[in-house]
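Since the structure comes first, as structure tokens, the remarks are kept for the end.
Nothing in this text is a laboratory measurement; each read-out follows from the coordinates by a stated rule. Not measured: the values here are computed from a predicted model. We place every Cβ from the backbone using ideal geometry, glycine too, and count neighbours over all the protein chains shown.
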Protein chains: 2
Amino acid sequence: MLSQTPRTAPKTKSDRVSFDRDEAYAILDEGKICHVAFTTEAGPMVMPTIHWRVGDRLYFHGSHGSRMGKAMAGGDICVSVTLVDGLVMARSAFHHSMNFRSIVLMGQAEEVTDFDEKSRIFDALMDKLVPGRREYLRPMKDKEVNATKLLALTIAEGSVKSRQGPPGDVEGDESWPVWAGVLPYALTAGEPIADDLVPPGMVTAKP
Amino acid sequence: MLSQTPRTAPKTKSDRVSFDRDEAYAILDEGKICHVAFTTEAGPMVMPTIHWRVGDRLYFHGSHGSRMGKAMAGGDICVSVTLVDGLVMARSAFHHSMNFRSIVLMGQAEEVTDFDEKSRIFDALMDKLVPGRREYLRPMKDKEVNATKLLALTIAEGSVKSRQGPPGDVEGDESWPVWAGVLPYALTAGEPIADDLVPPGMVTAKP
């Protein structure tokens, strides 16, 4: 279970909230990007970035000079991953909603500097992006490992929120003569587009 | 153009940054959800929510009791909308990347309380979600307008960031024998799922 604290306790619609670690991990693993918030002298800041999970730690990477990397290392951060699952079309505008799964995590990110650990964690990112592709790639160079900043957040405090299912029209609206239900959404992959250097006939690794 | 300030000036990869209002609006209008960051006594917080745009203002809504609504009204916020366009598959793990379009906006959100203005802005949300559907719905009730908190952020300070196109493999890697290119991603709608109250044969409004 994730840690429940005053700031993760639901204020409204508590039936949509969970602290289950399996649900949390499923959202983190399916999400392609997260949004990371941190506090700067000029106020709150949020930026999108790639994340990946190994065990109970969530990882982020960037260049050593980046604003986000500097702000994140050692400071308080809050991370959210949100999956949009569908548009919930009710019989009144008021009861329209979104089906979604999201997670919000809080904590402090710390930099990982050990070369072997960094290499292993970067491998896990590649394995998340396209399982099985890594062994065919030009192997990672030491200078590439060193040039990339790696940050880790231990998954501890946070909560999962989700809404699924049909619209919740209220009594009196149920016979209103308009179609109602859910329009499912999903982030889906299209046809791979080879770059100009791929020889004709080379097989695509489609994740 | 969006306002350029020290905190929106790019530190790295400045070729990916833009301050163009048309690009900004296109991302805001295509995005189904945003992530809003704000600062609390316990640290930074980020949450997903629905957003929509009318002219040069970005709107958010929620119940009057919600944590986010309270924290957002009058305080500094930072909002990001990110569209994931594709996985960029290079010949080395290091040069893998993501094609995306994102916007980050900063400012202060203010509550909109005028009944007629609120009604008009809520109509615009419905028109964004499913153009043309609003006129068929059970009309909005006064108490529904009053029960919903509406917040507005004037779109002024912020920046757009994007990456598009094929992988940027470096010299020496170009002949490595692995497929490389882009796997496009898009948030796509599936087949509408009617709820149990829809009479057989009723036509779906598919956005």
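Is there a residue in segment A:128-142 that is touching a strand residue (DSSP E or B) at 6+ places or on another chain (Cβ under 8 Å), farther than 28 Å from A:Glu23 by Cβ and away from every other protein chain (no Cβ under 11 Å)? No, that holds for no residue.
Can you name every residue in segment A:122-147 that is basic (Lys, Arg) and under 18 Å from A:Phe60 (Cα atoms)? Selection gives A:Lys128 alone. Look at (1) within 10 Å of chain A (Cβ to nearest Cβ); (2) surrounded by fewer than 19 Cβ atoms within 10 Å (Cβ to Cβ) and you find that B:Asp116 fails only one, number (1). Apart from one condition, B:Leu83 fits all of (1) among the hydrophobic types (A, V, I, L, M, F, W, C); (2) in a strand (DSSP E or B); (3) out of contact with any Asp or Glu (no Cβ under 7 Å at 6 or more places or on another chain); the exception is (3).
Considering (1) in contact with a strand residue (DSSP E or B) (Cβ under 7 Å, 6 or more places away or on another chain); (2) within 7 Å of chain A (Cβ to nearest Cβ), the lone condition that B:Val160 does not fulfil carries the number (2).
Here segment B:100-118 is the region considered, the condition is being touching a Ser or Thr at 6+ places or on another chain (Cβ under 7 Å) and aliphatic (A, V, I, L, M), and the residue that is nearest to B:Pro167 (Cα to Cα) is B:Ile103. None of A:Ile103, A:Ile77, A:Ile27 is β-branched (Val, Ile, Thr), in contact (Cβ under 8 Å) with a residue 40 or more places away in the chain and at the interface with chain B (Cβ under 7 Å from one of its Cβ atoms) except A:Ile77.
Within segment B:43-67, if we keep just the residues that are within 9 Å of chain A (Cβ to nearest Cβ) and surrounded by 19 or more Cβ atoms within 10 Å (Cβ to Cβ), the residue that is nearest to B:Lys143 (Cα to Cα) turns out to be B:Gly62. When restricted to residues that are charged (D, E, K, R) and within 26 Å of A:Asp20 (Cα to Cα), segment A:61-108 contains 3.
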